[in-house]
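K.L.:
First the structure, then my questions, so here it is.
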Number of protein chains: 2
Amino acid sequence: MAIEYKTRTQLVVEILREKILSGEIVAGQPLRQAALAEELNVSRIPVREALLQLEAEGLVSFEPHKGASATELNLDQVDELFELRAMIEGDLLAASLVDITDEALAQATEILAKLDSALGKENAANTWSELNSAFHNCLYSGANRPQTTDLVNILNKNADRYIRMHLLWAGGISKAGPEHAELLAFCQSREIDKAVAKLKQHILSSRDEIKAFLQQREQLNS
Amino acid sequence: MAIEYKTRTQLVVEILREKILSGEIVAGQPLRQAALAEELNVSRIPVREALLQLEAEGLVSFEPHKGASATELNLDQVDELFELRAMIEGDLLAASLVDITDEALAQATEILAKLDSALGKENAANTWSELNSAFHNCLYSGANRPQTTDLVNILNKNADRYIRMHLLWAGGISKAGPEHAELLAFCQSREIDKAVAKLKQHILSSRDEIKAFLQQREQLNS
DNA sequence: AAAAACTATATTGTATACAATATATATTAT
DNA sequence: ATAATATATATTGTATACAATATAGTTTTT
(Lines give C-alpha, C1' and ligand atoms only; values in the text may rest on other atoms or scores of the structure.)
Protein backbone atom coordinates (compact mmCIF):
# COMPACT_ATOMS: atom_id res chain seq x y z
CA MET A 1 0.00 0.00 0.00
CA ALA A 2 1.48 3.29 -1.14
CA ILE A 3 1.94 5.93 1.51
CA GLU A 4 -0.08 8.94 0.58
CA TYR A 5 1.47 12.23 1.43
CA LYS A 6 -1.22 14.59 2.54
CA THR A 7 -1.28 18.31 2.90
CA ARG A 8 -1.38 19.74 6.39
CA THR A 9 -4.88 20.99 5.67
CA GLN A 10 -6.06 17.45 4.96
CA LEU A 11 -4.46 16.16 8.14
CA VAL A 12 -6.06 18.90 10.20
CA VAL A 13 -9.44 18.14 8.63
CA GLU A 14 -9.14 14.49 9.62
CA ILE A 15 -7.99 15.22 13.16
CA LEU A 16 -10.68 17.81 13.81
CA ARG A 17 -13.41 15.69 12.25
CA GLU A 18 -12.48 12.78 14.46
CA LYS A 19 -12.46 15.02 17.52
CA ILE A 20 -15.89 16.35 16.72
CA LEU A 21 -17.36 12.94 15.88
CA SER A 22 -15.90 11.38 19.00
CA GLY A 23 -17.22 14.17 21.17
CA GLU A 24 -13.79 15.30 22.31
CA ILE A 25 -14.65 18.68 20.86
CA VAL A 26 -17.97 19.58 22.44
CA ALA A 27 -20.62 21.15 20.24
CA GLY A 28 -21.02 24.87 20.67
CA GLN A 29 -17.55 25.37 22.10
CA PRO A 30 -15.53 27.93 20.11
CA LEU A 31 -12.68 26.64 17.97
CA ARG A 32 -9.84 29.14 18.28
CA GLN A 33 -7.60 29.12 15.25
CA ALA A 34 -4.42 30.02 17.12
CA ALA A 35 -4.97 27.42 19.82
CA LEU A 36 -5.66 24.66 17.30
CA ALA A 37 -2.68 25.71 15.22
CA GLU A 38 -0.32 25.50 18.17
CA GLU A 39 -1.76 22.22 19.37
CA LEU A 40 -1.33 20.66 15.93
CA ASN A 41 2.00 22.33 15.18
CA VAL A 42 0.87 24.08 12.05
CA SER A 43 0.13 27.67 11.14
CA ARG A 44 -3.34 29.13 11.18
CA ILE A 45 -3.70 28.87 7.40
CA PRO A 46 -4.27 25.09 7.22
CA VAL A 47 -6.46 25.37 10.32
CA ARG A 48 -8.66 27.95 8.61
CA GLU A 49 -8.87 25.89 5.45
CA ALA A 50 -9.76 22.80 7.46
CA LEU A 51 -12.50 24.66 9.30
CA LEU A 52 -13.97 25.79 5.99
CA GLN A 53 -14.06 22.23 4.72
CA LEU A 54 -15.66 20.98 7.90
CA GLU A 55 -18.25 23.70 7.59
CA ALA A 56 -19.16 22.30 4.19
CA GLU A 57 -19.63 18.91 5.85
CA GLY A 58 -21.97 20.49 8.34
CA LEU A 59 -19.79 19.69 11.34
CA VAL A 60 -18.65 23.25 11.95
CA SER A 61 -20.26 26.65 11.73
CA PHE A 62 -18.00 29.47 10.66
CA GLU A 63 -19.01 33.09 11.22
CA PRO A 64 -16.88 35.86 9.71
CA HIS A 65 -14.86 37.74 12.34
CA LYS A 66 -16.58 35.76 15.09
CA GLY A 67 -14.93 32.40 14.70
CA ALA A 68 -15.88 28.77 14.32
CA SER A 69 -17.60 26.26 16.55
CA ALA A 70 -18.73 22.68 16.28
CA THR A 71 -22.38 22.56 15.29
CA GLU A 72 -25.01 21.03 17.49
CA LEU A 73 -28.24 19.56 16.23
CA ASN A 74 -31.46 20.01 18.14
CA LEU A 75 -34.18 17.37 18.17
CA ASP A 76 -35.94 18.77 15.11
CA GLN A 77 -32.72 18.79 13.14
CA VAL A 78 -31.96 15.20 14.09
CA ASP A 79 -35.43 14.34 12.88
CA GLU A 80 -34.90 16.11 9.60
CA LEU A 81 -31.47 14.60 9.04
CA PHE A 82 -32.55 11.01 9.59
CA GLU A 83 -35.67 11.38 7.48
CA LEU A 84 -33.60 12.84 4.67
CA ARG A 85 -31.26 9.88 4.98
CA ALA A 86 -34.13 7.39 4.94
CA MET A 87 -35.49 8.85 1.72
CA ILE A 88 -32.22 9.22 -0.15
CA GLU A 89 -30.66 5.95 1.00
CA GLY A 90 -33.88 4.10 0.26
CA ASP A 91 -33.86 5.38 -3.28
CA LEU A 92 -30.17 4.62 -3.63
CA LEU A 93 -30.59 1.05 -2.41
CA ALA A 94 -33.45 0.43 -4.83
CA ALA A 95 -31.31 1.63 -7.71
CA SER A 96 -28.35 -0.39 -6.52
CA LEU A 97 -30.11 -3.72 -6.08
CA VAL A 98 -31.14 -3.85 -9.72
CA ASP A 99 -27.64 -4.78 -10.75
CA ILE A 100 -25.57 -5.26 -7.65
CA THR A 101 -22.82 -7.86 -7.99
CA ASP A 102 -22.64 -11.06 -5.94
CA GLU A 103 -19.16 -9.94 -5.01
CA ALA A 104 -20.47 -6.79 -3.33
CA LEU A 105 -23.01 -8.83 -1.41
CA ALA A 106 -20.32 -11.25 -0.26
CA GLN A 107 -18.24 -8.33 0.91
CA ALA A 108 -21.24 -6.93 2.80
CA THR A 109 -21.63 -10.30 4.53
CA GLU A 110 -18.01 -10.19 5.63
CA ILE A 111 -18.32 -6.67 7.00
CA LEU A 112 -21.46 -7.62 8.86
CA ALA A 113 -19.61 -10.41 10.67
CA LYS A 114 -16.91 -7.97 11.73
CA LEU A 115 -19.58 -5.52 12.83
CA ASP A 116 -21.20 -8.02 15.14
CA SER A 117 -17.95 -9.05 16.73
CA ALA A 118 -16.87 -5.41 17.14
CA LEU A 119 -19.85 -4.46 19.23
CA GLY A 120 -18.66 -5.83 22.53
CA LYS A 121 -15.01 -4.84 22.31
CA GLU A 122 -13.24 -1.75 23.45
CA ASN A 123 -13.09 1.26 21.17
CA ALA A 124 -16.36 -0.05 19.77
CA ALA A 125 -17.82 3.30 18.75
CA ASN A 126 -15.03 4.20 16.36
CA THR A 127 -14.69 0.89 14.56
CA TRP A 128 -18.44 0.36 14.60
CA SER A 129 -19.23 3.56 12.74
CA GLU A 130 -16.52 2.86 10.20
CA LEU A 131 -17.75 -0.66 9.54
CA ASN A 132 -21.36 0.47 9.55
CA SER A 133 -20.58 3.03 6.86
CA ALA A 134 -18.65 0.44 4.85
CA PHE A 135 -21.56 -2.00 5.08
CA HIS A 136 -24.07 0.50 3.78
CA ASN A 137 -21.76 1.77 1.03
CA CYS A 138 -21.32 -1.82 -0.08
CA LEU A 139 -25.05 -2.22 -0.52
CA TYR A 140 -25.21 1.02 -2.53
CA SER A 141 -22.28 0.13 -4.78
CA GLY A 142 -24.50 -1.14 -7.58
CA ALA A 143 -26.27 2.17 -8.05
CA ASN A 144 -23.43 3.86 -9.86
CA ARG A 145 -24.53 7.25 -8.61
CA PRO A 146 -21.38 8.98 -7.40
CA GLN A 147 -22.97 12.30 -6.52
CA THR A 148 -25.76 10.75 -4.50
CA THR A 149 -23.27 8.48 -2.76
CA ASP A 150 -21.12 11.48 -1.82
CA LEU A 151 -24.17 13.23 -0.45
CA VAL A 152 -25.18 10.19 1.58
CA ASN A 153 -21.70 10.01 3.06
CA ILE A 154 -21.81 13.65 4.09
CA LEU A 155 -25.19 13.21 5.74
CA ASN A 156 -23.89 10.13 7.50
CA LYS A 157 -20.91 11.99 8.88
CA ASN A 158 -23.35 14.29 10.56
CA ALA A 159 -25.53 11.50 11.87
CA ASP A 160 -22.44 9.64 12.99
CA ARG A 161 -21.89 11.89 16.00
CA TYR A 162 -25.26 10.99 17.39
CA ILE A 163 -24.90 7.33 16.63
CA ARG A 164 -21.53 7.23 18.39
CA MET A 165 -22.80 9.18 21.34
CA HIS A 166 -25.65 6.77 21.64
CA LEU A 167 -23.32 3.78 21.41
CA LEU A 168 -21.05 5.15 24.10
CA TRP A 169 -23.61 6.40 26.57
CA ALA A 170 -26.53 4.08 26.15
CA GLY A 171 -24.88 0.88 25.09
CA GLY A 172 -25.63 1.01 21.40
CA ILE A 173 -28.31 0.79 18.82
CA SER A 174 -30.02 -2.19 20.30
CA LYS A 175 -31.80 -3.38 17.19
CA ALA A 176 -29.07 -2.66 14.67
CA GLY A 177 -27.63 -6.19 14.63
CA PRO A 178 -30.74 -8.16 13.66
CA GLU A 179 -31.91 -5.36 11.36
CA HIS A 180 -28.68 -5.47 9.38
CA ALA A 181 -29.00 -9.24 8.97
CA GLU A 182 -32.59 -8.98 7.76
CA LEU A 183 -31.65 -6.18 5.37
CA LEU A 184 -28.82 -8.19 3.89
CA ALA A 185 -31.11 -11.23 3.46
CA PHE A 186 -33.61 -9.18 1.44
CA CYS A 187 -30.76 -7.82 -0.67
CA GLN A 188 -29.42 -11.30 -1.38
CA SER A 189 -32.82 -12.53 -2.48
CA ARG A 190 -33.22 -9.36 -4.53
CA GLU A 191 -36.51 -8.49 -2.84
CA ILE A 192 -36.08 -4.81 -3.56
CA ASP A 193 -39.25 -3.44 -1.98
CA LYS A 194 -38.75 -5.36 1.23
CA ALA A 195 -35.10 -4.40 1.41
CA VAL A 196 -35.89 -0.72 0.95
CA ALA A 197 -38.64 -0.85 3.56
CA LYS A 198 -36.31 -2.57 6.01
CA LEU A 199 -33.56 -0.01 5.39
CA LYS A 200 -35.89 2.91 5.98
CA GLN A 201 -37.26 1.33 9.10
CA HIS A 202 -33.69 0.68 10.26
CA ILE A 203 -32.70 4.33 9.82
CA LEU A 204 -35.87 5.64 11.41
CA SER A 205 -35.65 3.30 14.37
CA SER A 206 -32.12 4.49 15.11
CA ARG A 207 -33.52 8.01 14.87
CA ASP A 208 -36.13 7.15 17.48
CA GLU A 209 -33.59 5.67 19.87
CA ILE A 210 -31.30 8.64 19.50
CA LYS A 211 -34.10 11.15 19.95
CA ALA A 212 -35.31 9.38 23.06
CA PHE A 213 -31.78 9.44 24.42
CA LEU A 214 -31.32 13.14 23.62
CA GLN A 215 -34.66 13.99 25.18
CA GLN A 216 -33.77 12.12 28.34
CA ARG A 217 -30.42 13.90 28.58
CA GLU A 218 -32.10 17.26 28.02
CA GLN A 219 -34.39 16.67 30.96
CA LEU A 220 -31.47 15.80 33.20
CA ASN A 221 -29.77 19.07 32.34
CA SER A 222 -32.77 21.24 33.06
CA MET B 1 -31.20 48.30 4.02
CA ALA B 2 -27.96 48.05 5.92
CA ILE B 3 -24.79 47.74 3.94
CA GLU B 4 -23.12 44.48 4.79
CA TYR B 5 -19.38 44.54 4.88
CA LYS B 6 -18.11 41.30 3.51
CA THR B 7 -14.78 39.64 3.75
CA ARG B 8 -12.67 39.45 0.63
CA THR B 9 -13.16 35.71 0.63
CA GLN B 10 -16.93 36.15 0.43
CA LEU B 11 -16.61 38.64 -2.40
CA VAL B 12 -14.33 36.33 -4.33
CA VAL B 13 -16.77 33.46 -3.81
CA GLU B 14 -19.59 35.51 -5.27
CA ILE B 15 -17.60 36.77 -8.22
CA LEU B 16 -16.23 33.34 -9.12
CA ARG B 17 -19.60 31.65 -8.64
CA GLU B 18 -21.22 34.12 -10.98
CA LYS B 19 -18.47 33.62 -13.54
CA ILE B 20 -18.89 29.88 -13.44
CA LEU B 21 -22.68 29.96 -13.54
CA SER B 22 -22.67 32.45 -16.39
CA GLY B 23 -20.20 30.39 -18.34
CA GLU B 24 -17.54 33.08 -18.39
CA ILE B 25 -15.27 30.58 -16.70
CA VAL B 26 -15.38 27.53 -18.92
CA ALA B 27 -15.65 24.13 -17.26
CA GLY B 28 -12.40 22.21 -17.17
CA GLN B 29 -10.21 25.26 -17.59
CA PRO B 30 -7.66 25.58 -14.76
CA LEU B 31 -8.19 28.32 -12.19
CA ARG B 32 -4.76 29.72 -11.35
CA GLN B 33 -4.66 31.21 -7.90
CA ALA B 34 -2.10 33.89 -8.71
CA ALA B 35 -3.92 35.02 -11.84
CA LEU B 36 -7.28 35.25 -10.06
CA ALA B 37 -5.68 37.06 -7.13
CA GLU B 38 -4.16 39.69 -9.38
CA GLU B 39 -7.31 40.09 -11.43
CA LEU B 40 -9.41 40.62 -8.30
CA ASN B 41 -6.79 42.68 -6.45
CA VAL B 42 -6.49 40.39 -3.48
CA SER B 43 -3.86 38.00 -2.23
CA ARG B 44 -3.97 34.28 -2.92
CA ILE B 45 -5.32 33.47 0.55
CA PRO B 46 -8.91 34.64 -0.04
CA VAL B 47 -8.77 33.09 -3.50
CA ARG B 48 -7.83 29.73 -2.04
CA GLU B 49 -10.53 29.95 0.60
CA ALA B 50 -13.09 30.90 -2.03
CA LEU B 51 -12.09 27.95 -4.20
CA LEU B 52 -12.54 25.61 -1.23
CA GLN B 53 -16.02 26.94 -0.60
CA LEU B 54 -16.95 26.59 -4.24
CA GLU B 55 -15.68 23.04 -4.19
CA ALA B 56 -18.14 22.32 -1.38
CA GLU B 57 -20.89 23.68 -3.62
CA GLY B 58 -19.79 21.34 -6.36
CA LEU B 59 -18.86 24.09 -8.79
CA VAL B 60 -15.11 23.62 -8.52
CA SER B 61 -12.83 20.64 -8.19
CA PHE B 62 -9.72 21.17 -6.15
CA GLU B 63 -6.80 18.75 -6.36
CA PRO B 64 -3.89 19.13 -3.94
CA HIS B 65 -0.77 20.48 -5.63
CA LYS B 66 -2.49 20.32 -8.99
CA GLY B 67 -4.88 23.22 -8.73
CA ALA B 68 -8.55 23.95 -9.19
CA SER B 69 -10.88 23.94 -12.17
CA ALA B 70 -14.55 24.51 -12.75
CA THR B 71 -16.31 21.15 -12.73
CA GLU B 72 -17.94 19.83 -15.82
CA LEU B 73 -20.96 17.61 -15.65
CA ASN B 74 -21.38 14.84 -18.14
CA LEU B 75 -24.73 13.48 -19.25
CA ASP B 76 -24.89 10.86 -16.49
CA GLN B 77 -24.21 13.44 -13.83
CA VAL B 78 -26.93 15.72 -15.15
CA ASP B 79 -29.28 12.78 -14.97
CA GLU B 80 -28.31 12.01 -11.41
CA LEU B 81 -28.48 15.63 -10.29
CA PHE B 82 -31.94 16.29 -11.68
CA GLU B 83 -33.36 13.02 -10.41
CA LEU B 84 -32.03 13.77 -6.96
CA ARG B 85 -33.66 17.18 -7.15
CA ALA B 86 -36.99 15.69 -8.28
CA MET B 87 -37.05 13.32 -5.33
CA ILE B 88 -35.97 15.75 -2.63
CA GLU B 89 -37.95 18.72 -3.88
CA GLY B 90 -41.03 16.56 -4.34
CA ASP B 91 -40.82 15.45 -0.74
CA LEU B 92 -40.16 18.98 0.43
CA LEU B 93 -43.16 20.35 -1.45
CA ALA B 94 -45.45 17.70 -0.01
CA ALA B 95 -44.35 18.60 3.51
CA SER B 96 -44.67 22.30 2.78
CA LEU B 97 -48.18 22.25 1.34
CA VAL B 98 -49.66 20.80 4.51
CA ASP B 99 -49.41 24.12 6.25
CA ILE B 100 -48.20 26.68 3.75
CA THR B 101 -49.53 30.19 4.34
CA ASP B 102 -51.74 32.07 1.90
CA GLU B 103 -49.17 34.82 2.11
CA ALA B 104 -46.45 32.57 0.71
CA LEU B 105 -48.72 31.51 -2.13
CA ALA B 106 -49.55 35.13 -2.93
CA GLN B 107 -45.84 35.90 -3.01
CA ALA B 108 -45.25 32.96 -5.34
CA THR B 109 -47.93 34.34 -7.66
CA GLU B 110 -46.16 37.68 -7.74
CA ILE B 111 -42.80 36.13 -8.52
CA LEU B 112 -44.35 34.05 -11.25
CA ALA B 113 -45.63 37.19 -12.96
CA LYS B 114 -42.17 38.71 -12.88
CA LEU B 115 -40.72 35.47 -14.19
CA ASP B 116 -42.94 35.49 -17.24
CA SER B 117 -42.17 39.07 -18.07
CA ALA B 118 -38.45 38.53 -17.57
CA LEU B 119 -38.20 35.82 -20.17
CA GLY B 120 -38.11 38.04 -23.23
CA LYS B 121 -35.87 40.77 -21.92
CA GLU B 122 -32.13 41.18 -22.03
CA ASN B 123 -30.01 39.64 -19.29
CA ALA B 124 -32.81 37.10 -19.04
CA ALA B 125 -30.66 34.19 -17.87
CA ASN B 126 -29.43 35.89 -14.71
CA THR B 127 -32.70 37.31 -13.49
CA TRP B 128 -34.60 34.23 -14.57
CA SER B 129 -32.57 31.84 -12.48
CA GLU B 130 -32.82 34.13 -9.48
CA LEU B 131 -36.59 34.45 -9.77
CA ASN B 132 -36.97 30.77 -10.52
CA SER B 133 -35.12 29.90 -7.34
CA ALA B 134 -37.20 32.41 -5.35
CA PHE B 135 -40.42 30.91 -6.74
CA HIS B 136 -39.50 27.39 -5.74
CA ASN B 137 -38.24 28.44 -2.31
CA CYS B 138 -41.54 30.20 -1.74
CA LEU B 139 -43.44 27.00 -2.37
CA TYR B 140 -41.16 25.11 0.05
CA SER B 141 -41.42 27.72 2.79
CA GLY B 142 -44.14 25.84 4.67
CA ALA B 143 -42.01 22.76 5.21
CA ASN B 144 -39.89 24.23 7.98
CA ARG B 145 -36.97 22.00 7.05
CA PRO B 146 -33.93 24.22 7.03
CA GLN B 147 -31.35 21.54 6.33
CA THR B 148 -33.27 20.09 3.41
CA THR B 149 -33.85 23.57 2.05
CA ASP B 150 -30.14 24.32 2.21
CA LEU B 151 -29.39 21.11 0.41
CA VAL B 152 -31.93 21.88 -2.30
CA ASN B 153 -30.37 25.27 -2.82
CA ILE B 154 -26.92 23.76 -3.24
CA LEU B 155 -28.19 21.26 -5.76
CA ASN B 156 -29.96 24.05 -7.59
CA LYS B 157 -26.79 26.10 -7.82
CA ASN B 158 -25.28 23.20 -9.66
CA ALA B 159 -28.24 22.69 -11.93
CA ASP B 160 -28.35 26.41 -12.56
CA ARG B 161 -25.36 26.35 -14.88
CA TYR B 162 -27.14 24.03 -17.23
CA ILE B 163 -30.41 25.86 -17.04
CA ARG B 164 -28.67 29.14 -17.84
CA MET B 165 -26.67 27.62 -20.64
CA HIS B 166 -29.83 26.22 -22.09
CA LEU B 167 -31.62 29.55 -21.75
CA LEU B 168 -28.80 31.38 -23.48
CA TRP B 169 -28.05 28.98 -26.27
CA ALA B 170 -31.33 27.34 -27.01
CA GLY B 171 -33.82 30.04 -26.14
CA GLY B 172 -34.94 28.67 -22.83
CA ILE B 173 -36.87 25.98 -21.10
CA SER B 174 -39.79 26.01 -23.45
CA LYS B 175 -42.34 24.44 -21.15
CA ALA B 176 -41.34 26.15 -17.91
CA GLY B 177 -43.93 28.93 -18.13
CA PRO B 178 -47.12 26.87 -18.34
CA GLU B 179 -45.68 24.23 -15.98
CA HIS B 180 -45.08 26.81 -13.30
CA ALA B 181 -48.64 28.09 -13.62
CA GLU B 182 -50.12 24.60 -13.36
CA LEU B 183 -47.91 23.82 -10.36
CA LEU B 184 -49.01 26.97 -8.57
CA ALA B 185 -52.66 26.20 -9.27
CA PHE B 186 -52.37 22.75 -7.65
CA CYS B 187 -50.63 24.34 -4.67
CA GLN B 188 -53.37 26.92 -4.25
CA SER B 189 -56.07 24.28 -4.30
CA ARG B 190 -53.94 22.20 -1.91
CA GLU B 191 -53.99 19.19 -4.22
CA ILE B 192 -50.76 17.85 -2.79
CA ASP B 193 -50.35 14.72 -4.89
CA LYS B 194 -51.01 16.51 -8.14
CA ALA B 195 -48.70 19.36 -7.19
CA VAL B 196 -45.88 16.97 -6.34
CA ALA B 197 -46.37 15.03 -9.56
CA LYS B 198 -46.34 18.24 -11.56
CA LEU B 199 -43.19 19.47 -9.82
CA LYS B 200 -41.34 16.22 -10.48
CA GLN B 201 -42.44 16.23 -14.08
CA HIS B 202 -41.33 19.86 -14.35
CA ILE B 203 -37.84 19.08 -13.06
CA LEU B 204 -37.48 15.97 -15.18
CA SER B 205 -38.68 17.67 -18.33
CA SER B 206 -36.08 20.38 -17.91
CA ARG B 207 -33.57 17.57 -17.46
CA ASP B 208 -34.67 16.07 -20.76
CA GLU B 209 -34.35 19.34 -22.61
CA ILE B 210 -30.92 20.00 -21.18
CA LYS B 211 -29.69 16.51 -21.92
CA ALA B 212 -30.93 16.74 -25.49
CA PHE B 213 -29.12 20.04 -25.85
CA LEU B 214 -25.88 18.67 -24.39
CA GLN B 215 -26.07 15.60 -26.61
CA GLN B 216 -26.55 17.73 -29.67
CA ARG B 217 -23.61 19.94 -28.76
CA GLU B 218 -21.47 16.90 -28.10
CA GLN B 219 -22.10 15.58 -31.58
CA LEU B 220 -21.14 18.91 -33.10
CA ASN B 221 -17.80 18.83 -31.31
CA SER B 222 -16.90 15.32 -32.39
C1' DA C 1 -26.43 54.38 38.72
C1' DA C 2 -27.20 53.72 33.75
C1' DA C 3 -25.91 54.72 29.28
C1' DA C 4 -22.55 56.21 26.08
C1' DA C 5 -17.99 56.77 24.46
C1' DC C 6 -13.59 55.42 24.56
C1' DT C 7 -9.70 52.52 25.28
C1' DA C 8 -7.13 47.96 25.45
C1' DT C 9 -7.06 43.21 24.23
C1' DA C 10 -8.16 39.12 21.80
C1' DT C 11 -9.24 37.15 17.61
C1' DT C 12 -9.96 36.86 12.93
C1' DG C 13 -8.79 38.31 7.99
C1' DT C 14 -5.28 38.99 4.49
C1' DA C 15 -0.73 40.19 2.37
C1' DT C 16 3.80 38.81 1.83
C1' DA C 17 7.56 35.55 1.85
C1' DC C 18 9.28 31.20 1.63
C1' DA C 19 8.93 25.91 1.19
C1' DA C 20 7.25 21.92 -1.16
C1' DT C 21 5.47 19.76 -5.09
C1' DA C 22 4.47 19.19 -9.88
C1' DT C 23 5.35 20.24 -14.68
C1' DA C 24 8.21 21.40 -18.51
C1' DT C 25 12.76 21.56 -20.48
C1' DA C 26 17.32 20.11 -21.07
C1' DT C 27 20.79 16.62 -20.54
C1' DT C 28 22.67 12.13 -20.39
C1' DA C 29 22.77 7.17 -21.13
C1' DT C 30 21.50 3.25 -23.79
C1' DA D 1 16.39 8.19 -31.66
C1' DT D 2 14.32 6.81 -27.27
C1' DA D 3 14.18 6.35 -22.60
C1' DA D 4 15.85 7.79 -18.31
C1' DT D 5 17.74 11.23 -15.48
C1' DA D 6 18.67 15.79 -14.07
C1' DT D 7 17.68 20.69 -14.00
C1' DA D 8 14.78 24.77 -14.34
C1' DT D 9 10.28 26.84 -14.02
C1' DA D 10 5.64 27.28 -12.63
C1' DT D 11 2.36 26.54 -9.27
C1' DT D 12 0.60 25.28 -5.06
C1' DG D 13 1.07 24.85 0.17
C1' DT D 14 2.17 27.03 4.53
C1' DA D 15 4.51 30.13 7.90
C1' DT D 16 4.99 34.66 9.40
C1' DA D 17 3.68 39.44 9.83
C1' DC D 18 0.51 42.87 9.80
C1' DA D 19 -4.35 44.90 9.27
C1' DA D 20 -9.17 44.85 10.40
C1' DT D 21 -12.79 43.65 13.37
C1' DA D 22 -15.01 42.28 17.54
C1' DT D 23 -15.08 41.86 22.54
C1' DA D 24 -14.18 43.20 27.24
C1' DG D 25 -13.03 46.54 30.29
C1' DT D 26 -12.60 51.44 31.54
C1' DT D 27 -13.76 56.01 31.67
C1' DT D 28 -16.82 59.69 30.83
C1' DT D 29 -21.31 61.73 30.47
C1' DT D 30 -26.05 62.25 31.71
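The values are calculated or read from the model by the stated rules, or taken from the named source; none is laboratory data. Please read all numbers here as calculations on a predicted model, not as lab measurements. Here the Cβ positions follow ideal geometry from the backbone for every residue, glycine too, while neighbour counts run over all protein chains shown.
K.L.:
Kindly indicate whether B:Ile15 is among the aliphatic types (A, V, I, L, M), more than 14 Å from every other protein chain (Cβ to nearest Cβ), surrounded by fewer than 17 Cβ atoms within 10 Å (Cβ to Cβ) and away from DNA strand C (no atom under 12 Å from the Cβ). Give the steps one after another, and end with the answer.
P.N.:
Values: among the aliphatic types (A, V, I, L, M): yes; more than 14 Å from every other protein chain (Cβ to nearest Cβ): yes; surrounded by fewer than 17 Cβ atoms within 10 Å (Cβ to Cβ): yes; away from DNA strand C (no atom under 12 Å from the Cβ): yes.
Against the criterion (among the aliphatic types (A, V, I, L, M), more than 14 Å from every other protein chain (Cβ to nearest Cβ), surrounded by fewer than 17 Cβ atoms within 10 Å (Cβ to Cβ) and away from DNA strand C (no atom under 12 Å from the Cβ)), B:Ile15 qualifies.
K.L.:
Within region A:70-81, is there a residue that is within 16 Å of DNA strand C (Cβ to nearest atom), outside any loop (DSSP other than H, G, I, E, B) and within 16 Å of the chain's Cα centre (by Cα)?
P.N.:
yes
K.L.:
Name, by its number, the condition in (1) touching a helix residue (DSSP H, G or I) at 6+ places or on another chain (Cβ under 9 Å); (2) more than 23 Å from B:Thr127 (Cα to Cα); (3) part of a helix (DSSP H, G or I) that does not hold for B:Glu38.
P.N.:
Answer for B:Glu38: the failing condition is (1).
K.L.:
Then there is this: Please specify each residue of region A:32-64 satisfying the condition of being more than 8 Å from chain B (Cβ to nearest Cβ) and surrounded by fewer than 16 Cβ atoms within 10 Å (Cβ to Cβ).
P.N.:
Listed by number, the residues that qualify are A:Arg32, A:Ala34, A:Ala35, A:Glu38, A:Glu39, A:Asn41, A:Ser43, A:Arg44, A:Glu63.
K.L.:
Would you point out the residue of region A:155-177, among those that are surrounded by fewer than 16 Cβ atoms within 10 Å (Cβ to Cβ) and in a helix (DSSP H, G or I), that is modelled with the lowest pLDDT? Give the derivation first.
P.N.:
Residues of region A:155-177 that are surrounded by fewer than 16 Cβ atoms within 10 Å (Cβ to Cβ), as a first pass: A:168-171, A:174-175, A:177.
Add one more test, that the residue is in a helix (DSSP H, G or I), and what stays is A:168-170, A:177.
Details: A:Leu168: 78, A:Trp169: 75, A:Ala170: 67, A:Gly177: 77.
Filtering first and then ranking leaves A:Ala170.
To keep it simple, each residue is scored yes or no on (1) away from chain B (no Cβ under 14 Å); (2) of a type in the set (Lys, Arg); (3) within 25 Å of A:Ile15 (Cα to Cα); (4) more than 9 Å from the chain's Cα centre (by Cα).
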position	(1), (2), (3), (4)
A:Asn123	yes, no, yes, yes
A:Leu139	yes, no, no, yes
A:Arg145	no, yes, no, yes
A:Leu168	yes, no, yes, yes
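K.L.:
Okay, moving on. Of everything in region A:92-107, what is within 14 Å of chain B (Cβ to nearest Cβ) and without any contact (Cβ under 8 Å) to a residue 60 or more places away in the chain? Give them in sequence order.
P.N.:
Answer for region A:92-107, where residues must be within 14 Å of chain B (Cβ to nearest Cβ) and without any contact (Cβ under 8 Å) to a residue 60 or more places away in the chain: A:Ala95, A:Ser96.
K.L.:
Residues that are over 24 Å from B:Asn126 (Cα atoms), among the acidic types (Asp, Glu) and away from DNA strand D (no atom under 12 Å from the Cβ): does region B:64-79 have at least one?
P.N.:
To start, the set of residues in region B:64-79 that are over 24 Å from B:Asn126 (Cα atoms) comprises B:64-68, B:76.
The next check asks that each one be among the acidic types (Asp, Glu); those that pass are B:76.
Add one more test, that the residue is away from DNA strand D (no atom under 12 Å from the Cβ), and what stays is B:76.
There is at least one residue in region B:64-79 that is over 24 Å from B:Asn126 (Cα atoms), among the acidic types (Asp, Glu) and away from DNA strand D (no atom under 12 Å from the Cβ).
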